[in-house]
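Asker: Dropping a structure here in structure tokens format, bear with me for questions.
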């Protein structure tokens, strides 16, 4: 069992449909597990549920609602498996999400921060063990101009166990 912190973005109906239609064909790992999201804290196994919730509540108390805009896709090699991932990465909102990530990993969660892996705020839209297939996904998105804008109004504490996501608490941002 692991605890995570994610942010489900508010998106237009058209943008959500575009992302979900794409994910249904290209995101075999996560499409049926979780909706499009930004991960702020990756799986934590060594902190009790109550301590995790208290820590996130304390750190997120002053987080503000944030707008973001995505205009590109990138490829990323998974550090823990043979998979490559296709990410939608925000231009606007990038630094705010990075700062939230860093704040959440201070104090009680600092030993869980993987400093050998770059943190890239993203929405996963595809994955494969074939790096060239992921490169093709990225090229398909980036060959045309696109813009996906949204708003993050809440962060959500989740539990992940046996490939099932359970929502524990939703924290509204200022």
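Asker: Kindly give the semi-axes, whole Å and largest first, of the ellipsoid equivalent to the chain, taking each as the square root of 5 times a Cα gyration tensor eigenvalue.
Answerer: So the three semi-axes of the chain are 26, 19, 15 Å.
Asker: For the stretch 46-86, report the convex hull volume of the alpha-carbon atoms normalised per residue, in Å³, without decimals.
Answerer: About 114 Å³ per residue, rounded to a whole number.
Asker: Name the residues of the stretch 40-77 whose amide N is less than 14 Å from a point 7 angstrom out from the Cα of residue 111 along the C-beta direction?
Answerer: From the stretch 40-77, the list is 44-48, 52.
Asker: Another question, if that's okay. Post the alpha-carbon centroid distance, the stretch 62-130 to the stretch 25-50, in whole angstrom.
Answerer: 12
Asker: Can you order the peptides 14-22, 35-43 by their average number of other Cβ atoms within 10 Å per residue, highest first?
Answerer: 35-43, 14-22
Asker: Still on this model: Jot down the per residue volume, in cubic angstrom and as a whole number, of the convex hull over the alpha-carbon atoms of the stretch 130-173.
Answerer: Per-residue hull volume (Cα only) is 107 Å³.
Asker: A follow-up question, please. What do you get for Rg/Rh of the stretch 1-93 when both radii come from the Cα atoms and Rh is the Kirkwood radius?
Answerer: The Rg/Rh ratio comes out at 0.98.
Asker: So, one more: Can you give me the angle between helix 131-142 and the longest principal axis of the chain, using Cα atoms only, in degrees from 0 to 90, rounded to the nearest 10?
Answerer: Around 80 degrees separate the two axes.
Asker: A further question on this structure: Hey, fewest Cβ within 10 Å first, where do 5, 56, 44, 165 land in order?
Answerer: 165, 44, 56, 5
Asker: So, one more: Which residue, 108, 144, 96, tops the fluctuation ranking in a GNM of the chain built on C-alpha contacts under 10 Å?
Answerer: Ranking 108, 144, 96 by mean-square fluctuation puts 144 first.
Asker: With a ≥ b ≥ c the root eigenvalues of the C-alpha gyration tensor of the stretch 1-45, is it rounded (a/c under 1.5), prolate (a/b larger than b/c) or oblate?
Answerer: oblate
Asker: How far apart, in nanometres, would the label points at residue 25 and residue 61 be if each is projected 7 angstrom from Cα along the Cα-to-Cβ direction?
Answerer: Label-label distance for residue 25 and residue 61, simple model: 4.8 nm.
Read the figures in this text as sums done on the coordinates, not as results from a lab. Note that the structure is a prediction, hence the values are computed from the model and not measured. Neighbour counts run over all protein chains shown; Cβ positions are idealised from the backbone, glycine included.
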